[in-house]
Amino acid sequence: MVDNEAGVLPQEPKKTFDTILVLDFGSQYTHLITRRMRELNIYCEMLPCTQKIADLDFKPKGVILSGGPYSVYEDGAPHADPAVFDLGVPIMGICYGLQEIAYRADNKNVIAGEKREYGHATLNVTKHSGKQEHVDRLFEGLEKDMEVWMSHGDKLGKLPEDFVVVAESGNSPYAGIAHQEKEIYGIQFHPEVTHTKKGTQLLKNFAVSICKAQQNWTMSAFIGKELERIRALVGDKGQVIGAVSGGVDSTVAAKLMKEAIGDRFHAVMVDNGVLRKNEAKEVKEILTKGLGINLTVIDASDRFLDLLKGVKDDPEKKRKIIGNTFIEIFQEKAKEIAEAAHGSDKAGDIEFLLQGTLYPDVIESISFKGPSATIKTHHNVGGLLEGMHLKLIEPLRELFKDEVRELGTQLGIPEDLVWRHPFPGPGLAIRIIGEVTREQVRIAQEADAIFMEEIKKAGLYRQMSQAYAALLPVKAVGVMGDKRVHAQVIALRAVQTTDFMTADVFPFETKFLSKISTRIVNEVDGVCRVLYEITSKPPGTIEME
Ligand code: GLN
């Protein structure tokens, strides 16, 4: 049996696809280098700058040293393992990475600049064609006066020995350098940010024309290899259990498992009573009838709603109740399934827990946080399933969200589900401010269903990242059918975001909002007013509680 704790997975992408390795020195843009490479269909992974080269379990086609907030010459500044230069593959330093290359050659090469350079700059790209044809390859096909984006305080005070200047800017005489004999390059600007308009072309020059990496990283190429990997890991009889929610990640992961090992994958969905209207039913339908997944749905809504009774002013308590109860139920079911599975001749014990971890979670846990910070290992939720000693299986661990969506599409998952907005684990409980009762759930569900229906009808669903209706714990006065009513208030929320760290309010037309308001007030019993929530994040959060 393969031990995934030790990271010995067969056929990991980094072992079967040409891989560019990014060593992270802590820049806030490092993950973007990885993204840009993937967009070029080149497989790329990031590791912290402290990575020992002798411990690498794959051979990259090339290495990129990222930017970072430190000064290379300061005490305690991070440095790459010098062995990276003996790997015999092309290397490119970006900003701090450039400074690291220069500093290694001579620690007097990097100095504090007179002023910080932050923002746009125009390069002057110079050609060196002649014997060392490789030095010009980084800027091949790019304009001589390329527009770039800079963010640095330090600079090279002189050119490291054996290097030539291939680009300069008003402020940075060494904005681009190349080693005369070896394929080692450095640039002071950031090609990975969109402000550097042709930055992707430069990254492509490095990866394709210099490192000779193949542009074969596609989801269709990934599927086949991933199925093999799962089968090798799980074995002929091993069984896997995993929770599904109807969200993109868990559905794609579940479908992949189904394709790999059929019914030896057991999906479990817990209806916690605070799902969207008809959600449990619809998800069951799609996952079983549509996708053929071996799914057990547990209706535990009473158990959850009973526990939520009386919890009013403490959102954290709601979250804890829901989280803990979910684990309890999942654990009970897992034991049941495991007992039923045990001893059958077609299948062995349940050994694995499926987890829909994505690459951004991995990046977050391994990115370089500072010279003294210890590197967090990715926490193992397998331990949550007490006594079962399950190993984790994370088939989406190397993928970004858009890659998961693409994979989902290729696996035949309906478009509606592939593009579904994220839905929080505690569900409507944190969108119903105050106490969660069956009646409150009904009101929130109905209002939300109308809002969603209209958003989809208007073709707006994919223009926003998340939208929902929340129920406020207040009553207001209204006049309905000439009668004075005292009823509840719904708040609509819709945001646009790329990373969910910051978010803008979606700019609906007033006419659209009025239409929603009319429908909700008319169709949802117990509501007499509808508000549109107009707080961006920060200071607001996307969810209400
Ligand atoms: N800290 C270094 C400087 O200020 C590198 C900055 C960076 O990598 N963006 O020059």
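Can you confirm whether residue 29 is within 17 Å of residue 362 (Cα to Cα) and touching a residue at least 60 places away in the same chain (Cβ under 8 Å)? In short, yes. For the range 247-361, the helices (runs of 4 or more DSSP H) that sit wholly inside it and include 2 or more residues that are among the hydroxyl-bearing types (Ser, Thr, Tyr) and either at pLDDT 95 or above or out of contact with any Lys or Arg (no Cβ under 7 Å at 6 or more places or on another chain) (or both) are 248-261. Residue count for the range 150-204 satisfying the condition of being more than 13 Å from the ligand (Cβ to nearest atom), part of a loop (DSSP other than H, G, I, E, B) and closer than 18 Å to residue 103 by Cβ: 7.
In the range 85-122, of all residues being surrounded by 14 or more Cβ atoms within 10 Å (Cβ to Cβ) and of a type in the set (Ser, Thr, Tyr), the one that is nearest to the ligand (Cβ to nearest atom) corresponds to 96. Just to be sure before I move on: is residue 360 under 14 Å from residue 427 (Cβ atoms) and surrounded by fewer than 18 Cβ atoms within 10 Å (Cβ to Cβ) in the structure I sent? No; evaluated as a whole, the condition is false for this residue. Could you check, for the range 205-213, whether at least one of its residues is surrounded by fewer than 19 Cβ atoms within 10 Å (Cβ to Cβ), outside any helix (DSSP H, G or I) and of a type in the set (Ser, Thr, Tyr)? No, every residue in the range 205-213 fails to be surrounded by fewer than 19 Cβ atoms within 10 Å (Cβ to Cβ), outside any helix (DSSP H, G or I) and of a type in the set (Ser, Thr, Tyr).
Residue count for the range 157-214 under the criterion of being closer than 27 Å to residue 39 by Cβ and aromatic (Phe, Trp, Tyr): the result is 3. In the set (1) modelled with pLDDT under 95; (2) hydroxyl-bearing (Ser, Thr, Tyr); (3) over 31 Å from the mean Cα position of the chain (by Cα), residue 541 fails one condition alone, (3).
Looking at the range 17-32, which of its residues are outside any strand (DSSP E or B) and away from the ligand (no atom under 16 Å from the Cβ)? Give the derivation first.
From the range 17-32, those outside any strand (DSSP E or B) are 17-18, 25-32; that's our starting set.
Residues satisfying the conditions are 17, 18.
The single condition among (1) on the phi > 0 side of the Ramachandran plot; (2) crowded, with 21+ Cβ neighbours inside 10 Å that residue 412 does not satisfy is (2). The number of residues in the range 70-84 that are within 16 Å of the ligand (Cβ to nearest atom) and either free of Cβ contacts under 8 Å to residues at least 24 places away in the same chain or touching a strand residue (DSSP E or B) at 6+ places or on another chain (Cβ under 8 Å) (or both) comes to 6.
For the range 41-58, the set of residues classified as surrounded by fewer than 23 Cβ atoms within 10 Å (Cβ to Cβ), more than 16 Å from the ligand (Cβ to nearest atom) and in contact (Cβ under 8 Å) with a residue 40 or more places away in the chain consists of 41, 45, 47, 50, 57, 58, listed by residue number.
For the range 59-69, a residue qualifies if it is free of Cβ contacts under 8 Å to residues at least 60 places away in the same chain and either near the ligand (Cβ under 9 Å from one of its atoms) or surrounded by fewer than 22 Cβ atoms within 10 Å (Cβ to Cβ) (or both), and the qualifying residues are 59, 66, 69. Scanning the range 411-436 for residues that are over 19 Å from the mean Cα position of the chain (by Cα) and in a helix (DSSP H, G or I) yields 415, 416, 427, 428, 429, 430.
Among 439, 453, 406, which is the only one that is in a helix (DSSP H, G or I) and farther than 29 Å from residue 288 by Cβ? Even if it seems obvious, please write down each step before you answer.
Working: 453 fails: farther than 29 Å from residue 288 by Cβ; 406 fails: farther than 29 Å from residue 288 by Cβ.
Sole residue among the options that is in a helix (DSSP H, G or I) and farther than 29 Å from residue 288 by Cβ: 439.
Within the range 450-484, the set of residues being of a type in the set (A, V, I, L, M), surrounded by 13 or more Cβ atoms within 10 Å (Cβ to Cβ) and farther than 26 Å from residue 313 by Cα comprises 450, 452, 455, 458, 460, 464. For the subset of the range 123-133 comprising residues that are touching a helix residue (DSSP H, G or I) at 6+ places or on another chain (Cβ under 8 Å) and in contact (Cβ under 8 Å) with a residue 40 or more places away in the chain, which member is nearest to the ligand (Cβ to nearest atom)? Applying the filter and picking the extreme gives 125.
Of all residues in the range 134-149, which are among the aliphatic types (A, V, I, L, M) and either farther than 20 Å from residue 95 by Cβ or away from the ligand (no atom under 16 Å from the Cβ) (or both)? Reasoning before the result, please.
Within the range 134-149, the first condition is being among the aliphatic types (A, V, I, L, M), and the residues that meet it are 135, 138, 142, 146, 148.
Matches in the range 134-149: 135, 138, 142, 146.
The values are calculated or read from the model by the stated rules, or taken from the named source; none is laboratory data. Small disclaimer: the values here were computed from a predicted structure and weren't measured. Positions of Cβ are generated from backbone atoms using ideal geometry, with glycine treated the same way; all protein chains shown enter the neighbour counts.
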